[in-house]
Amino acid sequence: MSTAAQQTGRDKRGPLAAIGVRPEQRSLGEILIEAGAIGPDALAEALAVQHLENERVGQALVRLKHCSEWQITQGLSRQFGMPARESVEVNHIDDELIEVLPIQYARANSVLPWQLDKDNGVLQVLASDPLKLNDIDDLSQVYDAELAVTLMPQSAVHELINRVYAKRTKDVDLEKKDEEFEEEDEDILHASAEDAPIIRFVNSLIFNASKERASDIHIEPADKEVIVRNRVDGVLHEVKRAPKAHLASIIARVKIMAGLNIAEKRLPQDGRIRRRIAGKEVDMRVATVPTAHGERVTIRLLDKTAMTLDLDAIGIAPDHLRLIRDTIHRPHGIFLVTGPTGSGKTTTLYSALSEINRPDLNILTVEDPVEYQLPGISQVQVQSKISLTFAAGLRSFLRHDPDVIMVGEIRDLETAEIAIQASLTGHLVMSTIHTNDAATGITRLVDMGVQPFLVASSLVALQAQRLVRRLCAACCEAYAPLPAELEEVGIDAEKFKAGEPCLKAPVLDDDGQHVPLKAWKGRRLPPPGKLYRANGCAQCHGSGYAGRTGVYEVLMITESIRRLAIRNADASEIKSAALAEGLRTLRDDGAHKVLLGITSLDEVMRVTAEEA
């Protein structure tokens, strides 16, 4: 304990008393009502729900959008008699103070040292929660100084922590060089790739991409520069440029990390990197390919801690969920998930396998690659170099007495025929296929060369899906949409305005009744007659969106659909028949999520443009 702390008796009275804090007897709710920030009804609602979410009343008020984080901070400032600030610039933080404080401690306690007055022995600290001062009292010993706490909104503190610590691994501005490497043998590349600036540059790309929740990093050579772009929530944006002279060193560094051959630049290569970033295990798939301007690299980040393998949590509506659960609990048949690359197909299949995984089932998968390891399930990695293909793995599985088989993708006739044979001999087969909608999945199998009657007899259900960006809960704003906008996504404008069930393709229960709208955890439904749209704030980096969820289309193989498949009807005819039987399309499901306040009309229109 510091000398100053001993003189003021911190060990006896605690940090609140030591810094002169005398909390008011009034509650935070009473202070906010007196200040006009909230009304009594809002406080009553927050008090009623705070225990359900295991949160404090201030957090509940913000989550329910009754007031802002800054208003809560101002209320806490009055309650505890402590100064408050809405924000602090990054360059006002003393970098020397950060060197000795782990980022995990700062994040866990929502605290950040700000300035140190060495003459008076006082450390200025930014914190979001006065009740955590007992937990951060040991900072006085770390810095040998008294604590002077200034309150700041939690989101602002966390954003400041991320930005301040990012400076320690900040982007390295590589010097521009006019000369190119005249010789690039393996020894030279090794030496240049191990240069400290190159290492810091590549590490900063990965660190910042993980911090932004990016799914991919694209390192792309242009004519005179190297362009780095990140894909965040499905949308690419440029993050960095470097001189073309450093391309070989950057690519070599990534190859060394992924265990690839750095001397081979004529052929594509695939590898893998495993790193622990900010306390999270992150797997990275690395792919290189030669282009006209040099090799380019794509790094796909797979955050294991962020992976949700739960059908209830990936955004499937109640009616679709019933159909999917009925399908995956069948003893045999084929369940296909369709959609383009990056539409969440693998997550859906993993979630389905996790739900049915139990000791009395033998579940085998063949994947390319095995993205996440599932306990209790035997997973096989495709190895095309040694002829271990989807078809070869699937054929071998049939000799291991499986109950459920998951095939990463059906991409050729041989794999399709073996999958169908397996389904017809008492196995449940799950797989993916690249088509735009569910109905086209049927005709795609026929186009591969599978006999139509085999397709009709083996398929049980097809699910098409896309990923839409979720609106940022902190900044989304309510507005009154135009009737034409509503009609375009299948929402009846008149019924919407009247507050009645307004989906033209509604979500129905088993009795054919409308399933009422129910707010998702942590969000509110839009006000009557209004929807939410993107706005943009510091938490979502100005995009207005944070995270993604799925929109789905589930096509069950009924007798009428089976007859159409047998006579090789085209996809449009199959879809028309399914629509007549109550099929809800991707756009219909998107409209449902718009009414729930999860996503925006613009986002649904963007993702389901092919249905227009």
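Residue pairs, Cβ under 6 Å, 6 or more apart or interchain, first in segment 205-223 and under 20 Å from Asn162 (Cβ atoms), second of a type in the set (Val, Ile, Thr) and assigned to a helix (DSSP H, G or I). List them.
Going by the 6 Å Cβ cut-off, the qualifying pairs are Phe207/Thr169.
Could you look through segment 389-402, keep only residues that are touching a helix residue (DSSP H, G or I) at 6+ places or on another chain (Cβ under 9 Å) and open to solvent by 40 Å² or more (accessible area, probe 1.4 Å), and pick out the one that is farthest from Gly342 (Cα to Cα)?
Step by step, filter segment 389-402, then rank; the result is Leu398.
So, Thr585, is that one touching a Ser or Thr at 6+ places or on another chain (Cβ under 8 Å), open to solvent by less than 10 Å² (accessible area, probe 1.4 Å) and touching a residue at least 40 places away in the same chain (Cβ under 8 Å) or not? I'd like the intermediate steps shown before the answer.
Details: touching a Ser or Thr at 6+ places or on another chain (Cβ under 8 Å): yes; open to solvent by less than 10 Å² (accessible area, probe 1.4 Å): no; touching a residue at least 40 places away in the same chain (Cβ under 8 Å): yes.
No, not satisfied.
Being modelled with pLDDT of 85 or more, open to solvent by 80 Å² or more (accessible area, probe 1.4 Å) and touching a helix residue (DSSP H, G or I) at 6+ places or on another chain (Cβ under 8 Å) is the filter here; which residues of segment 69-117 pass it?
Passing the criteria: Arg78, Glu86, Gln115.
Kindly check whether there is at least one residue in segment 300-308 that is open to solvent by 20 Å² or more (accessible area, probe 1.4 Å), at negative phi and among the hydroxyl-bearing types (Ser, Thr, Tyr).
Yes, segment 300-308 contains a residue that is open to solvent by 20 Å² or more (accessible area, probe 1.4 Å), at negative phi and among the hydroxyl-bearing types (Ser, Thr, Tyr).
If a residue must be open to solvent by less than 60 Å² (accessible area, probe 1.4 Å) and charged (D, E, K, R), how many such residues does segment 486-518 contain?
Going through segment 486-518 one residue at a time, the tally reaches 2.
Which count do you get for residues in segment 286-304 that are aliphatic (A, V, I, L, M), closer than 25 Å to Thr347 by Cα and free of Cβ contacts under 8 Å to residues at least 40 places away in the same chain? Can you show your working first?
First, the residues of segment 286-304 that are aliphatic (A, V, I, L, M): 286-287, 289, 292, 297, 299, 301-302.
Add one more test, that the residue is closer than 25 Å to Thr347 by Cα, and what stays is 286-287, 297, 299, 301-302.
After this cut, where a residue has to be free of Cβ contacts under 8 Å to residues at least 40 places away in the same chain as well, the list is 286-287.
Final tally of qualifying residues: 2.
Report, by residue number, each residue of segment 405-431 that is among the small types (Gly, Ala, Ser) and either open to solvent by 40 Å² or more (accessible area, probe 1.4 Å) or outside any strand (DSSP E or B) (or both). Spell out how you get there, then give the answer.
If we filter segment 405-431 for residues that are among the small types (Gly, Ala, Ser), which is where we start, we get 408, 416, 419, 422-423, 426, 431.
Those that are among the small types (Gly, Ala, Ser) and either open to solvent by 40 Å² or more (accessible area, probe 1.4 Å) or outside any strand (DSSP E or B) (or both): Gly408, Ala416, Ala419, Ala422, Ser423, Gly426.
Can you pull out the residues in segment 475-485 that are among the hydrophobic types (A, V, I, L, M, F, W, C) and surrounded by fewer than 17 Cβ atoms within 10 Å (Cβ to Cβ)?
Within segment 475-485, the first condition is being among the hydrophobic types (A, V, I, L, M, F, W, C), and the residues that meet it are 475-476, 478, 480, 482, 484.
Matches in segment 475-485: Ala478, Ala480, Leu482, Ala484.
Condition test on His427, is it in contact with a Pro (Cβ under 7 Å, 6 or more places away or on another chain) and closer than 25 Å to Pro268 by Cα? If you could, list the steps in order and put the result at the bottom.
Numbers: in contact with a Pro (Cβ under 7 Å, 6 or more places away or on another chain): yes; closer than 25 Å to Pro268 by Cα: no.
Considered against the rule, which asks whether it is in contact with a Pro (Cβ under 7 Å, 6 or more places away or on another chain) and closer than 25 Å to Pro268 by Cα, His427 comes out as no.
With (1) farther than 30 Å from Leu596 by Cα; (2) in a loop (DSSP other than H, G, I, E, B); (3) not charged (D, E, K, R) as the list, and Ser343 as the residue in question, which single condition is left unmet?
The number of the failed condition is (1).
Mind listing just one residue for me: the one in segment 327-353 that is small (Gly, Ala, Ser) and surrounded by 16 or more Cβ atoms within 10 Å (Cβ to Cβ) and, of those, nearest to Met406 (Cα to Cα)? Spell out the reasoning first.
Initially, segment 327-353 is screened for residues small (Gly, Ala, Ser), giving 333, 339, 342-344, 351-352.
Filter again for surrounded by 16 or more Cβ atoms within 10 Å (Cβ to Cβ), leaving 333, 339, 343-344, 351-352.
On the way: Gly333: 12, Gly339: 17, Ser343: 18, Gly344: 15, Ser351: 12, Ala352: 10 Å.
Residue satisfying both the conditions and the ranking: Ala352.
Name the one entry in Leu61, Leu47 that is surrounded by 17 or more Cβ atoms within 10 Å (Cβ to Cβ) and out of contact with any strand residue (DSSP E or B) (no Cβ under 6 Å at 6 or more places or on another chain).
Values: Leu47 fails: surrounded by 17 or more Cβ atoms within 10 Å (Cβ to Cβ).
Within the list Leu61, Leu47, the selection yields Leu61.
Can you tell me which condition Val21 does not meet? The list is (1) at pLDDT below 85; (2) open to solvent by less than 30 Å² (accessible area, probe 1.4 Å); (3) not in a loop (DSSP other than H, G, I, E, B), and all the others hold.
Among (1) at pLDDT below 85; (2) open to solvent by less than 30 Å² (accessible area, probe 1.4 Å); (3) not in a loop (DSSP other than H, G, I, E, B), Val21 violates only (3).
Looking only at segment 225-240, filter to residues that are without any contact (Cβ under 8 Å) to a residue 24 or more places away in the chain and of a type in the set (A, V, I, L, M, F, W, C); which one of those is surrounded by the fewest Cβ atoms within 10 Å (Cβ to Cβ)?
Leu236
Could you give every pair whose Cβ atoms fall below 9 Å, whose first residue belongs to segment 380-396 and is without any contact (Cβ under 8 Å) to a residue 40 or more places away in the chain, and whose second residue is among the aromatic types (Phe, Trp, Tyr), counting only separations of at least 6 or pairs across chains?
Val380/Phe397; Val382/Phe390
Out of all the residues in segment 228-254, which are closer than 30 Å to Arg548 by Cα and of a type in the set (D, E, K, R)?
Arg229, Arg231, Asp233, Glu238, Lys240, Arg241
Can you tell me which of (1) surrounded by fewer than 19 Cβ atoms within 10 Å (Cβ to Cβ); (2) in a loop (DSSP other than H, G, I, E, B); (3) in contact with a helix residue (DSSP H, G or I) (Cβ under 7 Å, 6 or more places away or on another chain) is the one Leu321 doesn't meet?
So the condition that Leu321 fails would be (2).
Looking at segment 373-381, is at least one residue within 25 Å of the chain's Cα centre (by Cα), outside any loop (DSSP other than H, G, I, E, B) and surrounded by fewer than 15 Cβ atoms within 10 Å (Cβ to Cβ)?
Of all residues in segment 373-381, those within 25 Å of the chain's Cα centre (by Cα) come to 373-375, 377, 379, 381.
Next, only the ones that are outside any loop (DSSP other than H, G, I, E, B) stay: 379, 381.
Next, from what is left, pick out any that are surrounded by fewer than 15 Cβ atoms within 10 Å (Cβ to Cβ): 381.
The answer is yes; a qualifying residue exists.
Criterion first (open to solvent by less than 10 Å² (accessible area, probe 1.4 Å), touching a Ser or Thr at 6+ places or on another chain (Cβ under 7 Å) and at pLDDT below 95) does Leu471 satisfy it? Explain how you work it out, then say what you get.
Working: open to solvent by less than 10 Å² (accessible area, probe 1.4 Å): yes; touching a Ser or Thr at 6+ places or on another chain (Cβ under 7 Å): yes; at pLDDT below 95: yes.
In short, yes.
Just to check your reading of the model, which residue among Gly542, Gly597 is assigned to a loop (DSSP other than H, G, I, E, B) and surrounded by fewer than 15 Cβ atoms within 10 Å (Cβ to Cβ)?
Values: Gly597 fails: surrounded by fewer than 15 Cβ atoms within 10 Å (Cβ to Cβ).
Among Gly542, Gly597, only Gly542 is assigned to a loop (DSSP other than H, G, I, E, B) and surrounded by fewer than 15 Cβ atoms within 10 Å (Cβ to Cβ).
Looking at segment 139-149 only, could you name the residues that are of a type outside the set (A, V, I, L, M) and either open to solvent by less than 10 Å² (accessible area, probe 1.4 Å) or under 13 Å from Asn120 (Cβ atoms) (or both)?
Passing the criteria: Ser140, Tyr143, Asp144, Glu146.
Condition (residue is touching a Ser or Thr at 6+ places or on another chain (Cβ under 9 Å), open to solvent by 60 Å² or more (accessible area, probe 1.4 Å) and either over 23 Å from Pro102 (Cα atoms) or at pLDDT below 80 (or both)) applied to segment 202-220: is it met by at least one residue?
no
Where in segment 433-523 are the helices (runs of 4 or more DSSP H), entirely inside, with at least 2 residues that are free of Cβ contacts under 8 Å to residues at least 60 places away in the same chain and farther than 27 Å from Thr346 by Cα? Even if it seems obvious, please write down each step before you answer.
Working: elements: 438-448, 452-458, 483-488, 493-498.
Output list reads 483-488, 493-498.
The values are calculated or read from the model by the stated rules, or taken from the named source; none is laboratory data. Quantities reported herein were computed from a predicted structural model and do not represent experimental measurements. Neighbour counts are summed over all protein chains in view; Cβ atoms, including those assigned to glycine, are modelled from backbone coordinates with ideal geometry. Only protein heavy atoms, including side chains, enter the accessible area calculation; ligands, DNA and RNA are left aside. Shrake-Rupley method; radii C 1.70, N 1.55, O 1.52, S 1.80 Å.
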